[in-house]
1. From the list B:201, B:250, B:178, which residue is touching a Lys or Arg at 6+ places or on another chain (Cβ under 6 Å) and at negative phi?
2. On the basis of being assigned to a helix (DSSP H, G or I) and modelled with pLDDT under 95, does residue B:166 make the cut?
3. Which ones in the stretch A:114-171 are farther than 15 Å from residue A:185 by Cβ, of a type in the set (A, V, I, L, M, F, W, C) and without any contact (Cβ under 8 Å) to a residue 40 or more places away in the chain?
4. Got a sec? Which of A:130, A:192 is of a type in the set (S, T, N, Q) and either within 11 Å of chain B (Cβ to nearest Cβ) or under 18 Å from the mean Cα position of the chain (by Cα) (or both)?
5. Considering only residues that are assigned to a helix (DSSP H, G or I) and in contact (Cβ under 8 Å) with a residue 40 or more places away in the chain, look in the stretch B:121-135 and name the one that is nearest to residue B:223 (Cα to Cα).
6. Taking the conditions exactly as written (in contact (Cβ under 8 Å) with a residue 12 or more places away in the chain, under 25 Å from residue B:2 (Cβ atoms) and either more than 14 Å from every other protein chain (Cβ to nearest Cβ) or crowded, with 18+ Cβ neighbours inside 10 Å (or both)), does residue B:155 satisfy them or not?
7. Please determine, by comparing only the residues of the stretch A:92-101 that are facing another protein chain (nearest Cβ under 8 Å) and surrounded by 22 or more Cβ atoms within 10 Å (Cβ to Cβ), which one is farthest from residue A:129 (Cα to Cα).
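The values are calculated or read from the model by the stated rules, or taken from the named source; none is laboratory data. Worth saying up front: this structure is predicted, and the values here are computed from it rather than measured. Because the Cβ atoms are built from the backbone with ideal geometry, glycine has one as well, and the counts that use them run over all protein chains shown.
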Amino acid sequence: MSLERQTAAEPLLRVEGLVKRFGGFRALDELSFHLMPGEILGLVGPNGSGKTTCINVLSGLYPPDGGTLTYAGREIGGLKSHRLVHLGINRTFQVPKPFLTLTVAENVEVAAAYGRSQGGAADVAGLLASLELDGQAARPAAELNSVQQKMLDLARALATGPRLLCVDELAAGLNPAELDRVAARLRALAESGVALLVVEHLMGFIDQVTDRVIVLNAGHEIFEGVLADAVRDRQVVEVFLGTDDGG
Amino acid sequence: MPKALAHTLFVLVPVVAAAAFLPFAYSNQLLLFNFVVFLTLAQGVNVIYGFTGYLPFGYAGFFGTGAYGFSLAVIHLHLSPIPALAAGAAAALLLGLLLTPLLRLSGAYFAIANLAASLAVFQVVSNPNLEGITKGPYGISLSGVFSPNLSYGVAVVFLAATLGLIVFLRNSRFGLALQAIREDAISAGMAGVNVVRGRVLAWLMSAVIAGLIGGVFAWYVSVFYPETVFSPEFSIFAIVFALFGGIATLTGPILGVVILYGVYNAIGISTPQYFQLIYGLLIVGLVLFLPNGLVSLFRRWGIDVP
């Protein structure tokens with residue numbers, strides 16, 4: 001399905017009443033939101049509020065237990081990861097999971113060979129250069145430092161040519177210069193039409209890159225809008241800082 | 001020169017040529033045959049363990065199943081040896097398909113379950129109540145098709161085919177995808193690799209390799225007992241040889257077999273009283289100093305190993 005056929009008013013992703021249970025615990029409890037092509041949506045909330053679970057369900061690691069996931073006009077709930085990748089959904093991991101014994105270039109080549117969802121062949125060398133990994137291309141991924149592994153994880157995701165990219169705490173551990181570069185990179189992706197879902201604890205970064213945020217608590221959204229309004233929302237403040245009488 | 005061609009010309013062709021022509025210069029054909037069997041088995045282990053990451057501790061189950069598939073096709077269906085080899089491979093393939101649910105396990109759990117499955121097949125085959133079908137514990141005798149030279153030649157052909165498969169895995173997208181699965185199945189999925197299909201294909205290829213060479217083994221020796229072909233020694237030797245040389249490479253398992261099986265036979269003949277001591281020291285030394293096999297030594301020096 002080409003980008004041209006998407007009208008601007010139609011969301012790329014529509015999540016409705018999404019439920020994910022682990023035993024009796026509802027990690028996602030009737031979560032609903034939508035994401036437009038080219039939009040950067042921030043997903044914030046306290047630890048355990050369901051942000052990563054949401055990405056895990058969207059990327060096929062867990063099947064949903066309820067609700068619907070509509071992507072580019074089709075239901076995608078419960079599809080396997082590789083099928084979702086071929087449809088144009090990809091993600092990065094909070095803790096990067098590169099193929100440690102393969103070289104940096106091979107890590108990206110696998111994704112370019114098997115995961116392409118749109119466009120022609122991926123420019124692996126160009127992608128590595130743009131993420132400052134070109135000097136490491138022939139080294140095993142195990143020899144990279146943690147920031148480089150995060151960039152490699154991003155390169156692996158980008159090599160598939162995603163239309164929806166979920167970014168899970170990419171900014172944690174980056175220095176200010178690296179943060180600026182990653183923010184610029186994500187904005188450039190959005191301008192090219194990619195929809196991004198960004199999970200992050202660094203509010204400065206969220207403020208810098210996102211168009212809109214959703215605040216999650218206990219598996220469902222308690223606020224939707226721009227970050228500046230979120231910090232004035234009584235319920236959001238309560239969730240993050242506690243109430244006056246709560247002790 | 002493309003790497004695959006270089007690997008074929010400088011590794012596959014010399015090894016196959018040596019296996020094919022050594023019997024004309026060296027009279028102990030049985031020993032050479034055992035080398036061919038272990039070269040093939042070690043590469044079969046390489047497919048599922050080296051490239052895909054599952055340690056097949058019951059690999060002998062496929063070898064024995066191939067041997068019995070071949071033998072029973074000769075005895076009951078009166079097939080000639082070549083079609084009977086296909087029957088042996090089909091039997092191993094069937095066992096592989098039956099055992100695909102084991103791929104849900106990982107690490108030691110998979111290894112133990114695979115060992116148990118292999119022992120289960122052995123117990124069924126050697127059950128005295130099945131004497132009419134499998135000859136039970138009394139063993140197989142195939143004197144009618146006995147043909148050492150022809151069966152040796154066929155074994156060399158299977159070795160060549162197996163090495164060809166490893167050259168392909170070493171130089172193809174598919175081999176890279178299998179290694180990605182081995183390293184991290186979740187990331188492999190997010191790279192667009194169909195993880196379940198990759199694992200099952202590698203498992204079945206590995207099973208068929210053992211089934212084919214097991215069938216030739218039955219043909220070559222012609223007289224054997226269930227404990228001969230289901231011996232855990234086949235699993236352990238094949239795994240140790242592959243590990244010793246270095247997995248996920250073409251040359252590693254070859255080096256492992258030539259060196260370790262060579263030493264095994266040399267000491268076994270000259271000074272059998274020291275055999276276990278020397279063998280043990282060799283393996284302990286390797287595990288301590290070169291856990292990734294001999295080829296990792298060359299890698300450390302910056303040499304790209306096929």
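1. Working: B:201 fails: touching a Lys or Arg at 6+ places or on another chain (Cβ under 6 Å); B:178 fails: touching a Lys or Arg at 6+ places or on another chain (Cβ under 6 Å).
Going through B:201, B:250, B:178 in turn, just one is touching a Lys or Arg at 6+ places or on another chain (Cβ under 6 Å) and at negative phi: B:250.
2. On the way: assigned to a helix (DSSP H, G or I): yes; modelled with pLDDT under 95: no.
So residue B:166 does not fit the description; no.
3. Within the stretch A:114-171, A:121, A:122, A:124, A:125, A:137, A:138 qualify.
4. Numbers: A:130 fails: either within 11 Å of chain B (Cβ to nearest Cβ) or under 18 Å from the mean Cα position of the chain (by Cα) (or both).
Every option except A:192 fails the conditions.
5. Looking only at the stretch B:121-135, we keep the residues that are assigned to a helix (DSSP H, G or I), and these are B:121-125, B:128-134.
Next cut, in contact (Cβ under 8 Å) with a residue 40 or more places away in the chain only: B:121-122, B:125, B:133-134.
Numbers: B:121: 19, B:122: 17, B:125: 15, B:133: 16, B:134: 13 Å.
Across the stretch B:121-135, the extreme among qualifying residues is B:134.
6. no
7. First, the residues of the stretch A:92-101 that are facing another protein chain (nearest Cβ under 8 Å): A:93, A:97-101.
If we keep only those that are surrounded by 22 or more Cβ atoms within 10 Å (Cβ to Cβ) too, we end up with A:93, A:98-99.
Working: A:93: 21, A:98: 18, A:99: 19 Å.
The qualifying residue farthest from residue A:129 (Cα to Cα) is A:93.
So that you can scan it fast, the table gives a plain yes or no per residue for (1) among the acidic types (Asp, Glu); (2) at pLDDT 90 or above; (3) in a strand (DSSP E or B):
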| residue | (1), (2), (3) |
| --- | --- |
| A:185 | no, yes, no |
| A:193 | no, yes, no |
| A:208 | no, yes, no |
| A:221 | yes, yes, yes |
| A:238 | yes, no, no |
| A:245 | yes, no, no |
